[in-house]
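Novice: The structure follows.
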Amino acid sequence: MRRLRLTLPVLSLLAVVSLAGCRAEPSVAAYVEDSTISTDQLDAAIEQRLADPNISEAVEPGDADYQRLVLNQLVQQEIYRILSADYDVAVSERAIDTTIEELLSAGGSRSVQDEFARLASEQKLAEIDVREITRQLLIREQIAAEEGLDGPTQEPALMQRYEETKDQASTIELGFITVPDQESADTVLETLLEDPSSYPAVAASYPGPNTATTFLSGSVADLPAQLAPSVLQTPVGQGFTLAVPEAGGIVVGYVASLQVPSFEEVRDQLLAEAAARVDEAARQFVAEAVAGLDIDINPRYGTFDEGQVVPDTGGGVVRDVDDLAPSPTGTPSPTGTPSPTGTP
């Protein structure tokens, strides 16, 4: 079975129904079905995390928000234990290690340990929390595959998406010169078609905010709206003229080159985008799966609302690790092609 790459976090299971108030033993911090998380277990879990120097620097002793955060982690861990049993899935420590390495080191120069320190400082997540969140992530991947939610990440779907988006993912080298009238436009276009290397000299004859002095490279997706249809209909090595009143005359465009990325070049980006859609579907499915669970939180710590342990007054201790995952890469970034209307 090919693994999905769902996006983090796994902390927020949407629309989980809490049956708070049904059970409230003083020594129990939370109930999840027939299991309990005792106050002693919660205290021990907090102490375990505070032993991490990164957490001890980020958390004040007795921090109620942090207490709820840790309890929330323990509740989520219990929920995923139930899900793992229901779906008969398991995640190895080696798989967790590999995934953490991929997520924390991809696209950056900092070490994994540096990233752990950053997450502790910014989100109060200890290494043990990151490992558990990653375990939950991998469990959800398996559930998504089991439930047939991973269609968008399959190879045929990725290829179809590539065909739909490859034009917009392409990089174009384009020149445009704004001239006062059609006669001038025809003359300029004829000159460029005969000798494309004359472009800088020709452009210098019509200076202005809507004339590019040299050929500019950028993403097809970032083409100015006024020019895009004409540009996309023009073969490489050919040009066009187009009246653009807001540009102050007639725009002469010349398509110097067009680079269409191969499927292999953009596959990782397409997969990341597809996985995000699968992730959303998986979140909804998991939320529905746990909506019937009997989950109670000791009022001393708050309540269980929309999948989070939160204060009774609302709000929450939402902590995520969205920025663990590297940003999708693939097509080159735009180089700031100016608009023919002079708008930045």
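No value in this document is a laboratory result; all are computed from the given coordinates. Keep in mind that this is a model prediction, so the values were computed, not measured. Every residue, glycine as well, gets a Cβ built from its backbone with ideal geometry; the counts of neighbours run over all protein chains shown.
Novice: Taking the Cα-to-Cβ direction at Ser105 and at Asp63 and moving 7 Å from each Cα, how far apart do the two end points lie in nm?
Specialist: 2.8
Novice: Restricting to Cα pairs below 8 Å that are 6+ residues apart, what does the relative contact order work out to for the stretch 241-320? Please round to a whole percent.
Specialist: On the way: 38 pairs, mean separation 8.3, N = 80.
About 10 percent, as a whole number.
Novice: If Lys and Arg each add +1 and Asp and Glu each add -1, what is the summed charge of the other residues whose beta carbon sits under 14 Å from the beta carbon of Lys166?
Specialist: Values: positive: Arg161, Arg267; negative: Glu163, Glu164, Asp167, Glu264, Glu265, Glu273.
Every neighbour counted, the sum reads -4.
Novice: Can you grab the distance from the C-alpha centre of the stretch 29-73 to the C-alpha centre of the stretch 232-300, Å, no decimals?
Specialist: Cα centroid of the stretch 29-73 versus Cα centroid of the stretch 232-300: 39 Å apart.
Novice: Based on the Cβ-Cβ distance from Ala204 to Arg118, what FRET efficiency comes out when R0 is 56 Å, to the nearest 0.05?
Specialist: Details: r = 50 Å, r/R0 = 0.89.
Between Ala204 and Arg118 the formula returns 0.65.
Novice: Rounded, prolate or oblate: which fits the stretch 32-167 when a ≥ b ≥ c are the square roots of the eigenvalues of the alpha-carbon gyration tensor, with rounded for a/c under 1.5 and prolate only if a/b beats b/c?
Specialist: Details: a/c = 2.72, a/b = 1.47, b/c = 1.85.
Verdict is oblate for the stretch 32-167.
Novice: Karplus couplings for the stretch 236-242 from phi (6.51 cos²θ - 1.76 cosθ + 1.60, θ = phi - 60°), rounded to Hz, Gly and Pro as x?
Specialist: Along the stretch 236-242, the couplings run 4, x, 10, x, 7, 10, 8 Hz.
Novice: Rounded to a whole number of µm²/s, how large is the Stokes-Einstein D of the stretch 230-270 at 20 °C and 1.002 mPa s, given Rh as the Kirkwood radius over C-alpha pairs?
Specialist: Calculated translational D: 173 µm²/s.
Novice: Per residue Cα convex hull volume for the stretch 168-259, in cubic angstrom? Before the final figure, lay out each step's value.
Specialist: On the way: hull volume 7.5 nm³, N = 92.
Each residue corresponds to 82 Å³ of Cα convex hull volume.
Novice: What does the C-alpha gyration tensor say about the overall shape of the stretch 181-232? Classify as rounded when a/c is under 1.5, otherwise prolate if a/b is larger than b/c, or oblate.
Specialist: On the way: a/c = 1.66, a/b = 1.51, b/c = 1.10.
It is prolate, given that a/c is not under 1.5 and a/b is the larger ratio.
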